Structure formats: C-alpha cells, structure tokens
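The numbers here are math on the coordinates, done by the rules we state, and not lab data. As the structure is a prediction and not an experimental result, all values here were calculated from the model.
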Amino acid sequence: MTRRELLALGLSVPAASLLSRTLGASQDLSKFAAGGPPICTDTRKLTPAADDKQFRPGSPGRTWLVEAGMEGKRFTLTGAVVGIRCGAIKGAAIEVWQADARGVYDPTGFRLRGHQVTDENGAYKIVTIVPGAAGGEARHLGVRVHPPGKPLFTTLLFFSDDPGSAKDPAAKPELIMKVTDGPDGASATMDIVLDL
C-alpha cells in the first residue's frame, strides 16, 4: 500500500507502521494455538497422591520396560504431566515401577522399573506389560513425579478392566486408567494433574 493510499484511508505512516506491528504480533500468537498441553477445562481434577512401599531409587532411564523372555500382555501408557492451572510441566522426572505378570516385584534389581523426563508438552510414554495383582492389591503401576524445583509427588494408577480395583480402597476413580485392547496389546492415556 502506497503513502497516498494510506492518506486516503486517513492513516498516517506511523499509524500504518503500528498497524503492521500489531498484525505481526497477533500472527506470532498463533504458535500457542496448536500442539501444547491439554486445554484447560472445568472438569480437570487433581490426581490424588498415594503411597507405595515398592518404590526404589536409582532406576535406569528408559521408556521401554519389556525385557526379552518376559511374560505378560503388552501395555502402553501415554499421557502428560500438567498443572491444575493449565501449564504443561516439561522436564519433570517421572519414575514407574510395577510387579510382573505373576504379581511379583523384583526384590533386588530394576526389572520393570524405569524413569524418563517429560518433553516440552509435558508428555511421557511407557511400554511395559500388564502387571499381576501383588499382595491382595489391585493391579497397578507406581508413579513418582519430580517437577523441576518442586516437591515429589507419588501415586498409583489402576486398571479399569481389573475387578480387584472395585475392592481396593486405594483405587480412587481419578486413579483408574481406562484400558482399551488393540492389535499391539492394551493401552491407556492418563494425565497426571498436579497442584502447580
């Protein structure tokens, strides 16, 4: 647009320049509209904390917990670590541990234990097996999250297809993963919502 056309519209050059910068700034905001963490909704609830005595520090960094010759149905868990005030929590250390398909925890090593760091969207992914019920408890995964510079958070995640979940007092509705079966085994998506 020429200066003459701008003047005809009643805009001065400084005003046109301001309009151009304003339009440019609004276009820059588009990068926040796609991707990113789950959107904020009124239905989001904090993930309840729960304790598990089977945690052991020092697990290896890995997202694939399945080892050669390991029995059990494949299970993939995906999700994100997010704050109740809608922010993705990137760089959070997330540790997972569980019993094997017979309901037995590795007493000395790190079988079916691992940790990872959430990505820029707070996302995590674990490939493991469906655990067996251990010690009269419902089948579950132990999860510990350590957001950067914030306190540790520990919880348990239970399986919707396990009848034992209805009898285990630790299996609160917010901790039950909706499990679906597919060609590559079972899977679930579960966000961990922290008071941050």
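Which entries of Lys45/Lys178; Lys53/Lys73; Lys45/Lys172; Lys125/Lys178; Lys125/Lys150; Lys90/Lys125 have Cα-Cα distances beyond 19 Å here? Mind dumping the intermediate values first?
Numbers: Lys45/Lys178 16 Å; Lys53/Lys73 24 Å; Lys45/Lys172 12 Å; Lys125/Lys178 16 Å; Lys125/Lys150 22 Å; Lys90/Lys125 14 Å.
With Cα atoms farther than 19 Å apart: Lys53/Lys73; Lys125/Lys150.
Bridging of Lys167 to aspartates and glutamates at a Cα separation below 16 Å is possible for Glu137, once same-chain residues fewer than 8 apart are set aside. Amide H contacts for Leu196 (H built 1.01 Å from N in the peptide plane; partners 5 or more residues away or on another chain; cut-off under 5 Å): Ile84, Arg85.
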